[in-house]
Amino acid sequence: MGKETDSSRHAFDRRLKQAMDRNNPDLAAQATGQGGDMTTVGTVLRAGTEMVAGLVVGVAMGWGLDRWLGCRPLFLILFSLLGGAAGVLNVWRLVRPQDALEDKPDPQAGPDR
């Protein structure tokens, strides 16, 4: 009842490796030797999109507030700077090393006792 057969152990290891490959496509692409260039292009395109989107949203909000309140382009300047900063922050989150994420302690976990 508590014993595992050797074949079930190998089947479990095989299924576990397949699940890990599905969850981490970069490792699967490296293992097959394909798709490395497309993931790089995808990352670059996403980084550019994040920058432009943050700036566009900031400019639109600032322009809308200035027009609604009927004032000088004060909010346009302020929100365009905030939108640019948000875009840079999103790109930083995209490209920062994953090791920095693994070293941080989990804030949800309590202290070890």
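What follows draws every value from the coordinates through simple rules; no lab data is involved. Computed from a prediction, not measured in an experiment: that's the story for all the values here. Here the Cβ positions follow ideal geometry from the backbone for every residue, glycine too, while neighbour counts run over all protein chains shown.
Going from the fewest other Cβ atoms within 10 Å to the most, the residues 8, 80 appear in the order 8, 80. A simple rule links phi to the HN-Hα coupling: the Karplus curve 6.51 cos²θ - 1.76 cosθ + 1.60 with θ = phi - 60°, which for the range 69-82 gives 8, x, 10, 5, x, 5, 5, 4, 5, 4, 6, 5, 5, 5 Hz, with x for Gly and Pro. A simple rule links phi to the HN-Hα coupling: the Karplus curve 6.51 cos²θ - 1.76 cosθ + 1.60 with θ = phi - 60°, which for the range 7-23 gives 5, 5, 5, 5, 5, 5, 4, 5, 5, 5, 5, 5, 5, 5, 5, 5, 7 Hz, with x for Gly and Pro. Multiplying the residue separation of residue 45 and residue 14 by 0.36 nm and removing their Cα-Cα distance gives an extension gain of 7.7 nm. For the range 50-56, backbone phi angles converted through the Karplus equation (6.51, -1.76, 1.60; θ = phi - 60°) give residue-by-residue couplings of 4, 5, 5, 5, x, 5, 5 Hz, Gly and Pro being listed as x.
When 63, 68 are sorted by how many other C-beta atoms sit within 10 angstrom of their C-beta, beginning with the fewest, the order is 68, 63.
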